[in-house]
Amino acid sequence: MISLRRITKRSEPYVLAAIILLSLLIQVRSGQFFSGNNLVDLARSLIVPALFSVGCMMVIVSGGIDVSFPAIASLAMYVTDKLLLASNYSGNVILAYAISAGLGLLMGALNGFLIGFLRLPTLVVTLGTSSLYTGLMFGAFSASASDVPPSIAKHGKEILFTATNPTMGLTSNMPSQILILIAVLILAFFLLRYTMLGRGIYAIGGDETAAERAGFNVRGIKMFLYCFVGVLAGITGIARISMMSYADPSTMLGMEMTVIAAVVLGGTRVTGGMGTLTGTILGVALMTILSNSLILIGIPTYWTRVFTGAVIIIGTGVTAHQTISTRRRRAQSQKAAA
Amino acid sequence: MTTTKTADSVRRGRSARDPNLLRLLVMLVFVFVLMTVLRPNQFATMADFNSMMRQFPEYGIMAIGISLTMITGGIDLGVVGTANLSAIVAAKFLIGTVPRGAAPAQVVPYLIIAVLLSLSVGLVCGAFAGMLISRFNIPAILATLGTQQLFTGIAIGITSGRPQSGLPLLYSRIGNMEFFRFVPISFVIFFVVAVGVGIMLSRTRFGTYMYMMGTNPRASRYAGLNNTSITLRTYMISGLLSSVAGLIMMARANSAKADYGAPYTLQCVLIAVLGGINPNGGFGTIGGVTMAILILQFLSSGLNMFNNISNFYRDVIWGGVLILVLVFNKLLSWREERRAVRKSMN
């Protein structure tokens, strides 16, 4: 009984139920959902938002919000791409990831400094840096769609396996970038679960003053957090262009909305202090299925933004409602105990 | 303790001798002189003033809307979506109902209905955001990120993403009218809005309530204020102002489209912060915001006169200025705090 109540209080089961219902609906309407190639396609389009969502979730758990990660990812990957093209580099792709991650680290560090050390409001700061980075990309580097160096192109062709759909004759390849996602997820899981740093992120989000008094280095943790988001964004940028096999500077801009929606939908509490990786990935999966499959059930693509907006509002509304009702219940039980 | 803080901040928010206003004025004069020296034949000519007066009212009015929500401690990121949606509703109505080749006198009632329709869409959008924030306790940032997506999404959905053109000629004729062949009607509307909102903030009870709630929502609730109603009304005003901006944009472009003015959101937040509105709520005046609007307009008009500067550098400058202003204000408030501590120790 107690465990059942605990389950219904969390968001993950609802999101999972929504995913199952939606996939059954699509399966009934189109008969194509549970085909091997559709599932591989979904996994493929899930990689980039899922990579972003890990960092985004950690920031929201800490009580902040970051809208600059698509700009960081775009600028980092674009500069890396141009650098490698100019130097005719044809070696290992790891260098591309390293350079892009390094650039991401620098850009994230600026966010971290402004937010952690100067204690400026996170939304306004990241709106500002986002504009700064996209402006630099289009202004200083006059960015436009460009080729990718051979190492990245080769990396994009590495596939794990191919799924075929015998009835439609379609095939889909599982890209190797999914391994990066899995590695990042494992790393983030250990970081959040087994390190003091991870505990600190939750502590700051719960109550910053309390966390500081308890001895957490709040500035340092925030600095780390925004640097981590930057590094992750840099890596995501390279993963994206290797999968697309050309570097389009505007391909990731605007993704912040869907990623934030997915994270919030996955049960991350918007006021900070709560959130899980499982919920986040489920949220991303639901958003990906929604945007990939609305066409399959006959809803025109014009309406996808309405769905994103509605999902943000309903998702945040539900978590806000849960926060208040738990607070009320706790107050009542305290009263009863007294 | 709390009451003195509230009273102090209200007084400071209203004070005419606000040091921030002086700083803004210096900045305004500096930018103006700089541009006049660099581009004497183009900047600060009559034609230039006229074109500037045409450009800033649409985002200036939205910036005032955002500023109001920031004074109450929230933020409205949905202003551009509201503006476009309400303009599209008005445009759809006009295109769908006004008979072809109708005489101007016949068109007037349609125009009045269209304007009223658009303003009520703005009010409803604002009320929706205000309700999400005050009734459902969704943080303003996320609620309005959501409404921005939702309103833009609805606008794209009902137009299939196509611009709505073919408005009756009379609309753009009125919308682009100039008094004395110099003062555009949009500037007059901006002026009326700025003065009206300024009076509301400094002279009415509601204005004081907004500052009080922005300074400390819990204290204002315990003081007997109805926070829910204040929030709701603030976002409705912001929605209303957005739809006014939408009508101006529609007149200027002679059409309505779902994704007009996308960079205005950031620009409006920048104006509010530059104008001395504290993102945490409780501080700021419309005078400061107006000066920030002028500074930005001088900068962007001036930059336009340099052919070798790409438009994208404007993004860099907006972002950079926003962050620098934030840092500067922070350092200043730290210095004031230290000074206050020293004074209290003596």
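The values are calculated or read from the model by the stated rules, or taken from the named source; none is laboratory data. The structure displayed is predicted, hence computed values, not measured ones. Cβ sites come from the backbone with ideal geometry, for glycine too, and all protein chains shown count toward neighbours.
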Inset, instruction - Inspect all residues belonging to the stretch A:139-148 and state whether any of them is of a type in the set (A, V, I, L, M) and within 14 Å of another protein chain (Cβ to nearest Cβ). - result: yes
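For the stretch A:258-276, what are the residues that are crowded, with 21+ Cβ neighbours inside 10 Å and of a type in the set (A, V, I, L, M)? Write out each step before concluding.
Applying the first criterion (crowded, with 21+ Cβ neighbours inside 10 Å) to the stretch A:258-276 yields A:258-268, A:270, A:272, A:275.
Across the stretch A:258-276, the qualifying residues are A:Val259, A:Ile260, A:Ala261, A:Ala262, A:Val263, A:Val264, A:Leu265, A:Val270.
How many residues are farther than 17 Å from B:Phe151 by Cα and either touching a residue at least 40 places away in the same chain (Cβ under 8 Å) or among the small types (Gly, Ala, Ser) (or both) if we restrict to the stretch B:64-94? It would help to see each step written out before you state the result.
First pass over the stretch B:64-94, keeping only residues farther than 17 Å from B:Phe151 by Cα: B:64, B:67-74, B:93-94.
With either touching a residue at least 40 places away in the same chain (Cβ under 8 Å) or among the small types (Gly, Ala, Ser) (or both) added as a condition, the list becomes B:64, B:67-74, B:94.
The total comes to 10.
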Inset, instruction - Could you run through the stretch B:223-242 and say how many residues are farther than 19 Å from B:Met70 by Cβ and of a type in the set (S, T, N, Q)? - result: 1
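Just a yes or no: is a residue in the stretch A:120-138 more than 30 Å from B:Asn280 (Cβ to Cβ), at the interface with another protein chain (Cβ under 10 Å from one of its Cβ atoms) and in a helix (DSSP H, G or I)? Don't jump to the end; show me each part of the working.
Going through the stretch A:120-138, the residues more than 30 Å from B:Asn280 (Cβ to Cβ) turn out to be A:137-138.
Add one more test, that the residue is at the interface with another protein chain (Cβ under 10 Å from one of its Cβ atoms), and what stays is A:137-138.
Filter once more, keeping what is in a helix (DSSP H, G or I): A:137-138.
Within the stretch A:120-138 (the criterion being more than 30 Å from B:Asn280 (Cβ to Cβ), at the interface with another protein chain (Cβ under 10 Å from one of its Cβ atoms) and in a helix (DSSP H, G or I)), the answer is yes, since at least one residue qualifies.
So which residues in the stretch B:321-346 are away from chain A (no Cβ under 14 Å) and either part of a helix (DSSP H, G or I) or within 24 Å of A:Thr122 (Cα to Cα) (or both), if there are any at all? It would help to see each step written out before you state the result.
Start the filter on the stretch B:321-346 by keeping residues that are away from chain A (no Cβ under 14 Å), which leaves B:336, B:338-346.
Across the stretch B:321-346, the qualifying residues are B:Glu336, B:Arg338, B:Arg339, B:Ala340, B:Val341, B:Arg342, B:Lys343, B:Ser344, B:Met345.
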Legend entry - Close pairs from the stretch A:253-279: first within 12 Å of chain B (Cβ to nearest Cβ) and in contact (Cβ under 8 Å) with a residue 40 or more places away in the chain, partner crowded, with 21+ Cβ neighbours inside 10 Å and of a type in the set (D, E, K, R), Cβ under 9 Å, at least 6 apart: A:Glu256/A:Asp66; A:Met257/A:Arg305; A:Ile260/A:Asp66
Legend entry - Condition met for A:Gly112 (touching a Cys at 6+ places or on another chain (Cβ under 6 Å), in a helix (DSSP H, G or I), within 14 Å of chain B (Cβ to nearest Cβ) and buried (at least 17 other Cβ atoms within 10 Å of the Cβ)): yes
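Free of Cβ contacts under 8 Å to residues at least 60 places away in the same chain and either surrounded by 24 or more Cβ atoms within 10 Å (Cβ to Cβ) or not β-branched (Val, Ile, Thr) (or both), is that true of B:Leu326?
Working: free of Cβ contacts under 8 Å to residues at least 60 places away in the same chain: yes; either surrounded by 24 or more Cβ atoms within 10 Å (Cβ to Cβ) or not β-branched (Val, Ile, Thr) (or both): yes.
In short, yes.
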Inset, instruction - State which residue is nearest to the chain's Cα centre (by Cα) when the search covers only the stretch B:262-272 and only residues that are more than 16 Å from B:Ile323 (Cβ to Cβ) and at the interface with chain A (Cβ under 9 Å from one of its Cβ atoms). - result: B:Thr265
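Anything in the stretch B:165-184 that is crowded, with 19+ Cβ neighbours inside 10 Å and either among the basic types (Lys, Arg) or in a helix (DSSP H, G or I) (or both)? List them, or say none. Before you say what the answer is, go through the steps one by one.
To start, the set of residues in the stretch B:165-184 that are crowded, with 19+ Cβ neighbours inside 10 Å comprises B:167-168, B:170-171, B:175, B:184.
Within the stretch B:165-184, B:Leu170, B:Tyr171, B:Gly175 meet the criteria.
Is it the case that the stretch B:305-320 has a residue that's assigned to a helix (DSSP H, G or I) and more than 8 Å from chain A (Cβ to nearest Cβ)?
Going residue by residue through the stretch B:305-320, those that are assigned to a helix (DSSP H, G or I) are B:312-320.
Pick out the ones that are also more than 8 Å from chain A (Cβ to nearest Cβ) and you get none.
Taking every residue of the stretch B:305-320 in turn, none turns out to be assigned to a helix (DSSP H, G or I) and more than 8 Å from chain A (Cβ to nearest Cβ).
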Inset, instruction - For the stretch B:176-189, state whether one or more residues are touching a residue at least 60 places away in the same chain (Cβ under 8 Å), β-branched (Val, Ile, Thr) and under 30 Å from A:Arg305 (Cβ atoms). - result: yes
Inset, instruction - Please enumerate the residues belonging to the stretch A:139-160 that are part of a helix (DSSP H, G or I) and loosely packed, with under 15 Cβ neighbours inside 10 Å. - result: A:Lys157
Legend entry - Matching residues, the stretch B:124-140, being at the interface with another protein chain (Cβ under 7 Å from one of its Cβ atoms) and surrounded by fewer than 22 Cβ atoms within 10 Å (Cβ to Cβ): B:Phe136, B:Asn137, B:Pro139
Legend entry - Tabulated pairs, the stretch B:282-303, first on the phi > 0 side of the Ramachandran plot, second at pLDDT below 90 and in a helix (DSSP H, G or I), C-beta under 6 angstrom, 6+ apart or interchain: B:Gly282/B:Ser9
Inset, instruction - Give the stretch B:145-190 a look and list any residue that's closer than 18 Å to B:Glu58 by Cβ, within 14 Å of chain A (Cβ to nearest Cβ) and hydroxyl-bearing (Ser, Thr, Tyr), or say none. - result: B:Thr152
Inset, instruction - Take the residues in the stretch A:40-77 that are among the hydroxyl-bearing types (Ser, Thr, Tyr) and part of a helix (DSSP H, G or I), then tell me which one is farthest from A:Arg269 (Cα to Cα). - result: A:Ser74
Inset, instruction - Identify, by number, the condition in (1) over 17 Å from B:Val79 (Cα atoms); (2) at pLDDT 90 or above that B:Leu170 doesn't meet. - result: (2)
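In the stretch B:101-114, is there at least one residue being within 14 Å of chain A (Cβ to nearest Cβ) and either touching a residue at least 60 places away in the same chain (Cβ under 8 Å) or not charged (D, E, K, R) (or both)? Show your work before the answer.
Keep residues of the stretch B:101-114 that are within 14 Å of chain A (Cβ to nearest Cβ), which gives none.
Scanning the stretch B:101-114 turns up no residue that is within 14 Å of chain A (Cβ to nearest Cβ) and either touching a residue at least 60 places away in the same chain (Cβ under 8 Å) or not charged (D, E, K, R) (or both).
I want to confirm something. Restricting to the stretch B:190-206 and keeping residues that are free of Cβ contacts under 8 Å to residues at least 40 places away in the same chain and not aromatic (Phe, Trp, Tyr), which single residue is farthest from B:Met52 (Cα to Cα)?
Looking only at the stretch B:190-206, we keep the residues that are free of Cβ contacts under 8 Å to residues at least 40 places away in the same chain, and these are B:191-192, B:195-196, B:199-200, B:203-206.
Now narrow it down to the ones that are not aromatic (Phe, Trp, Tyr): B:192, B:195-196, B:199-200, B:203-205.
Working: B:Val192: 17, B:Val195: 19, B:Gly196: 22, B:Ile199: 25, B:Met200: 26, B:Arg203: 30, B:Thr204: 32, B:Arg205: 34 Å.
Only one residue fits best here, namely B:Arg205.
Which of the residues spanning the stretch B:103-141 are aliphatic (A, V, I, L, M), farther than 24 Å from B:Ser172 by Cβ and within 19 Å of the chain's Cα centre (by Cα)? Working first, answer last.
At the first step, the residues of the stretch B:103-141 found to be aliphatic (A, V, I, L, M) are B:103, B:105, B:107-108, B:111-117, B:119, B:121, B:123-124, B:127, B:129, B:131-133, B:138, B:140-141.
Remaining after also requiring farther than 24 Å from B:Ser172 by Cβ: B:123-124, B:127, B:129, B:131-133, B:138, B:140-141.
Of everything in the stretch B:103-141, those that are aliphatic (A, V, I, L, M), farther than 24 Å from B:Ser172 by Cβ and within 19 Å of the chain's Cα centre (by Cα) turn out to be B:Leu123, B:Val124, B:Ala127, B:Ala129, B:Ala140, B:Ile141.
Of all residues in the stretch B:273-291, which are part of a helix (DSSP H, G or I) and within 14 Å of chain A (Cβ to nearest Cβ)?
Going residue by residue through the stretch B:273-291, those that are part of a helix (DSSP H, G or I) are B:273-274, B:286-291.
Scanning the stretch B:273-291 gives B:Val273, B:Leu274.
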Inset, instruction - Please determine, by comparing only the residues of the stretch A:280-316 that are closer than 19 Å to B:Ile158 by Cα and among the polar types (S, T, N, Q), which one is nearest to the other protein chains (Cβ to nearest Cβ). - result: A:Thr308
Inset, instruction - Would you confirm whether any residue within the stretch B:138-160 is touching a residue at least 24 places away in the same chain (Cβ under 8 Å) and outside any helix (DSSP H, G or I)? - result: no
Legend entry - Number of the exception - B:Asn50 against (1) more than 22 Å from B:Leu201 (Cβ to Cβ); (2) polar (S, T, N, Q); (3) within 14 Å of chain A (Cβ to nearest Cβ): (3)
